[in-house]
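**Q** Before we start, here is the structure in question, set down as C-alpha cells.
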Amino acid sequence: MAYSLYLLTAALLLLLSIFSSKLSLKYGIPALLIFLGIGMIFGSDALNVVYFDDYQLAQHLGIIALIYILFSGGLDTNWQTTKPIAIPGLILATIGVLITALIVGYLASLILDVSLLQGMLLGAVVSSTDAAAVFSVLRSKALGFKYQLKELLEFESGTNDPMAIFLTIGIILYLTVPDMSWDSLIMLFVLQMSIGLITGLLSGKLMTWIINHANLGYDGLYPVLMLSFVPLIYAATDLLGGSGFLAVYIAGLVMGNSIFVHRRSLMNFFDGVGWLMQITMFLTLGLLVFPSQLVTVAGSGLLLAVSLIVVGRPVSVFLSMIFTDFNTRSKLMVSWVGLRGAAPIILATFPYVAGIENAELFFSIVFFVVVTSVLIQGPTLPFVARLLKVASPIEEKTRYPIELEPTVDTKAALEEVEIEEDDFARGKKVHELGLPEDVLITLINREGKFMVPRGTTEIAANDKLLILSSKNQSDYIRLLLKAERAAKN
C-alpha cells in the first residue's frame, strides 16, 4: 500500500510539472522555477505531502540528471554554427566562471561574515549559468539574438558546469584535506579537463560506430543502448581521473554532429530524457528546500544575488570577451543572460555532504540566489534584448508530415526552400523550373497547408518547398529557384 502511494505521488507530481510547463510558454515563467515551486509546495514546510531532507540522495540524483542533461545538450548543439564562437565560449566557460567565483566569493565573505575561502566556495557554487532557464524564456517570447549570441550562450551554458564543479570540489578538498596545495589543484584541473576532453571525443566516435554497426534487430533497443552509454562514459572518465561531466557533453556533441541510424528518433528520445531529468532534479531540489529557512537569509541572499547580477557576471563577461569581436551591446546582453539554474543548487549539496561549516546556510543562500536571478533576469530578457538592439525574431521550423531518416551511406537530403516575391520560381509551374531528373519536390507548404505537387502545379510567393535531392545539389537547387533574385542583387 505504501509503495503504491509513493508511486502515485511521484506520478502526480510528474504530471503536474508537465502540464504546468504550459505556464512557461504562456507567461514566460522559466520552467525550472515552476518545477522548483511545485516541489516546495508539496514539501515539508507547505502541504507536507512529501518529507525529504536527504542531501546525499539529492546529490546523487542531481549528478545522474546532470550527466543526461549535458549529453542531451551536446547532442542538440550544431557544431557548424557553434564553431565560429567556440573560443569565446570556452573562455567564458572557464576564465569567466573563475572570475565570477572570485568576485562573488569575496563579496560573500563580506556579506555573510565568513572566511574568504568559504566565501570562494559559495562563489564557485553559483558561478555557472543555466541554458534551460534562458531559452525557455526566449522560446516563450519567440525571441532570438543577433550576432551569434544564441550560439555563444548555448555553448557557454553547456560547457561551464565542469569548471564550476571542479572549483567547488577543489575548494572542498582544500578545506578538508590538510596537505592539499593550490599547485596540486591546478595540476588536477589540467588532468581532469584533458582526460575529460579526450575520453569525450573518443567515446562520441565509438558510440556512433557502435550504433551504426550494432544491427540489434529490435529498434526499441537503440534508445536503451544509448541510455547505457551515458553513465558508462561518465563513470569510466571519473575513474580515469577526468571530468565525467565534460566527457558526456563532448561525447554528445561529437555524436550529434555525426550520421547514425535512427538519428531523428534517438534525438527526439533524448530530448524527452533531458526534460524528464530536469523535472526530476528540480522537483527533488524543491522538496529538499525548507521555505521557512529562506526567510532568515532573504536580506543577505538578495544582496548577494544583486551583486552577482550587476557586478560578478558583467565583470567576468567583459574581461573574458575583451579580445573578441563582440561589441559592447552584445557583451551587455551576455552579461544579463546569466540565469542560474539547477547546477548551483546541486553543487550546494556538496559542502553539506562533505560536512563543511555553514553548509546549511550556503544551501539556503544558493537557492535564494537562483530563484532571485530567475525572477529578475528571466522576465526582463526580451525587454533588455530589444533595448540593446540585439533581439531577432525566431522563425518557427515547419513540421512536415514526412521525414528522411539518414543512414551512414545516405547521400540524399530533404531541404526546405522558401520562395519569395522576386524569385525565379514564383509563378512558374513545377515542370518549368528546370530541375534535374533526380530532384523531387515532395511537398509544398502553402499558408500552413501541405499539398503534393504535380508538374502543372504553379509555385506561389511564400510557398515553402520540401525538396529531396543529393546533398551536393542543395546549393545549386537553391540558386536555381532564386536565380532572378540573385541576378537583381
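**Q** Regarding PHE260, is this residue of a type in the set (A, V, I, L, M, F, W, C) and within 25 Å of GLN59 (Cβ to Cβ)?
**A** No, not satisfied.
**Q** Filtering the range 79-123 down to residues that are outside any helix (DSSP H, G or I) and touching a helix residue (DSSP H, G or I) at 6+ places or on another chain (Cβ under 8 Å), which residue is nearest to LEU175 (Cα to Cα)?
**A** Among those residues, the one meeting the criterion is SER115.
**Q** Return a yes/no flag: does the range 212-231 have any residue that is in contact with a His (Cβ under 8 Å, 6 or more places away or on another chain) and either at pLDDT 90 or above or under 25 Å from ASP76 (Cβ atoms) (or both).
**A** Checked the range 212-231: at least one residue is in contact with a His (Cβ under 8 Å, 6 or more places away or on another chain) and either at pLDDT 90 or above or under 25 Å from ASP76 (Cβ atoms) (or both).
**Q** If you check LEU110 against the conditions, is it within 16 Å of the chain's Cα centre (by Cα), modelled with pLDDT of 85 or more and farther than 20 Å from GLN192 by Cβ?
**A** For LEU110, the condition - within 16 Å of the chain's Cα centre (by Cα), modelled with pLDDT of 85 or more and farther than 20 Å from GLN192 by Cβ - is not met.
**Q** Then there's this: Can you tell me which residue is nearest to the chain's Cα centre (by Cα) among those in the range 154-196 that are farther than 24 Å from GLN118 by Cβ and surrounded by fewer than 21 Cβ atoms within 10 Å (Cβ to Cβ)?
**A** Filtering the range 154-196 for residues that are farther than 24 Å from GLN118 by Cβ and surrounded by fewer than 21 Cβ atoms within 10 Å (Cβ to Cβ), the one nearest to the chain's Cα centre (by Cα) comes out as MET193.
**Q** Filter the range 153-183 for residues that are of a type in the set (A, V, I, L, M, F, W, C), more than 30 Å from SER72 (Cβ to Cβ) and part of a helix (DSSP H, G or I) and give the result.
**A** Listed by number, the residues that qualify are LEU175, TRP182.
The values are calculated or read from the model by the stated rules, or taken from the named source; none is laboratory data. Bear in mind that the values here come from a model prediction, so they are computed numbers and not experimental data. Cβ sites come from the backbone with ideal geometry, for glycine too, and all protein chains shown count toward neighbours.
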